[in-house]
Amino acid sequence: MAPACDPGVDGPGDNNDPDDRPTPADEWNKKLDARKPDYNAALRIASLRLIGELPTMTQINLVANAADDAGKKAAYEGLVDSFLADPRFSRQMMVYFRDLFRMGGTVNTVDLETAPAFAASLAVANDSYMKLLTATTGTCPTFNAATNTFTAANCANNVTTHAGVLTNPGMNAHFTSNFAFRRVDWVQRTFNCQKFPADLSETPETYGGKLYTGKFPWLSVAGKTNGGRVDFRRPVGGGMSCHNVMNHIAPLFANFNETGQMTAAIAVKTPLGANDLARATDFLPAGEPFAYRLGQATPDLPSLGTAMAADPEVARCAVKRFVNWAQGKEEITTALTLVPDTVIQTQTEAFVASGFKIKDLIRGVFTSDDFVKF
Ligand code: HEM
């Protein structure tokens, strides 16, 4: 009769017997399942993140002295609610969004505070995150660090219809560059949580012996053979994998000058000559419409903002960034601190169902099992 367990060469569990070896997922699930809630440890981190200070002894004891886990949980969550209502939360949101937007203060007389202040004011008011892409008024508030308060204001940079921070003068000034590509790169990293290339095709094609992974038609972007002065379609260098999307968006930002003022014509330069201004045909052949993604025409910045606000990837990115912040992880596009979509599914569904309310999302992150269990 065969032995109960499979002895393998070196006996039960000998690792050279695949039937015996636990799968990596099992190992990790075991570790995850073994975590236990530690509300005092969670309190310490939550307090530092949400109000920028350590919890008081009274707050620590409130959790520590609670009769049981349910009592500790209730005490902890009550304190999280008090932190979210605390004026110091405004200051923390300013710090968060200055870091996320990679801008702040004043540079060359241009105020780089209004975009972070607008975002922070939405968080404090528990307003919709998507107003960062769609708001038409009040997008240039000021923040008073002495009182931790915001004063609403409209941006005054000659824009007819604003689209959240996409039309913000500070953002467009700070990320000014040839062909406005740095502004497009900023938008992609900030709201889609990944660098270019973006929106890869499942059926890549080959041009000039090189793989093209983009979705836009090959000839929908300018090159030396269809009116452009820069050959973005040069197979060597794989430019089209990135520029197929970038070149369909960049013209929307090209009329902002280097101080973030909207002008009547293209104001960004090229690397082709000292003061050489970019031309519409440098980006796309004549008649090719501006678009966020293939099939999503966006003739102006408000329609770009609306298309992005409807993109599930943008909602997931917002959740991933707050989860990484709560857990003290580095910036997602530079440090590749990736968060699997499955891990944040519940929080993303709640975020979408709430109408993208920021403070509710933050509360969900700081009271989630992944945050309170260690
Ligand atoms: C045929 C190859 C390529 C060509 C001809 C090309 C052309 C250009 C030009 C002319 C600029 C403006 C540079 C400047 O500021 O003077 C630029 C910027 C940029 N390109 Fe490309 N590119 C190519 C490949 C790529 C690839 C493969 C990627 C993505 C991995 C990419 C992503 C970007 C980004 C993000 C910027 C903005 C950089 C910044 O200012 O921060 N490019 N490209």
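The values are calculated or read from the model by the stated rules, or taken from the named source; none is laboratory data. None of these values were measured; they are calculated from a predicted model. We place every Cβ from the backbone using ideal geometry, glycine too, and count neighbours over all the protein chains shown. Keep in mind that these areas ignore ligands, DNA and RNA; they rest on the heavy atoms of the full protein, side chains included. Shrake-Rupley method; radii C 1.70, N 1.55, O 1.52, S 1.80 Å.
Some observations on this one:
- Strands (runs of 3 or more DSSP E) enclosed by the stretch 115-217 - at least 2 residues per element that are within 14 Å of the ligand (Cβ to nearest atom): 210-212
- Any hit, the stretch 244-257, residues being assigned to a strand (DSSP E or B), open to solvent by less than 30 Å² (accessible area, probe 1.4 Å) and under 24 Å from Gly170 (Cα atoms): yes
- Selection count where residues are open to solvent by 20 Å² or more (accessible area, probe 1.4 Å) and either more than 23 Å from the chain's Cα centre (by Cα) or acidic (Asp, Glu) (or both), scope the stretch 76-93: 8
- Filter result for Gly260 (open to solvent by less than 40 Å² (accessible area, probe 1.4 Å), on the phi > 0 side of the Ramachandran plot, more than 9 Å from the ligand (Cβ to nearest atom) and outside any helix (DSSP H, G or I)): yes
- Residues in the stretch 217-234 include at least one that is polar (S, T, N, Q) and modelled with pLDDT under 95.
- Scan of the stretch 26-47 for residues that are modelled with pLDDT of 95 or more and either open to solvent by less than 70 Å² (accessible area, probe 1.4 Å) or among the aromatic types (Phe, Trp, Tyr) (or both), ordered by number: Pro37, Asp38, Tyr39, Asn40, Ala41, Ala42, Leu43, Ile45, Ala46, Ser47
- Unmet requirement for Tyr96, which otherwise passes all of (1) surrounded by 19 or more Cβ atoms within 10 Å (Cβ to Cβ); (2) at pLDDT below 95: (2)
- Whether a residue is within 11 Å of the ligand (Cβ to nearest atom), outside any loop (DSSP other than H, G, I, E, B) and surrounded by 15 or more Cβ atoms within 10 Å (Cβ to Cβ) was assessed, and Val230 does not pass this test.
- Residues of the stretch 294-308 include at least one that is farther than 20 Å from Val352 by Cα, surrounded by fewer than 16 Cβ atoms within 10 Å (Cβ to Cβ) and touching a residue at least 24 places away in the same chain (Cβ under 8 Å).
- In the stretch 281-374, counting only helices (runs of 4 or more DSSP H) that sit wholly within it, the ones holding 2 or more residues that are touching a Phe, Trp or Tyr at 6+ places or on another chain (Cβ under 7 Å) span 301-309, 312-326, 358-366.
- Count of the stretch 154-169 residues which are of a type outside the set (Ser, Thr, Tyr) and either open to solvent by 40 Å² or more (accessible area, probe 1.4 Å) or within 17 Å of Gln188 (Cα to Cα) (or both): 8
- Comparison of Arg182, Arg234 shows that the only residue that is farther than 25 Å from Met130 by Cβ and among the basic types (Lys, Arg) is Arg234.
- Filtered residue count, the stretch 48-71, keeping only those that are over 27 Å from Ala145 (Cα atoms), open to solvent by 50 Å² or more (accessible area, probe 1.4 Å) and in contact with a Phe, Trp or Tyr (Cβ under 9 Å, 6 or more places away or on another chain): 2
- Boolean, Thr333 is in contact with a Pro (Cβ under 9 Å, 6 or more places away or on another chain) and either under 23 Å from Leu133 (Cα atoms) or not polar (S, T, N, Q) (or both): no
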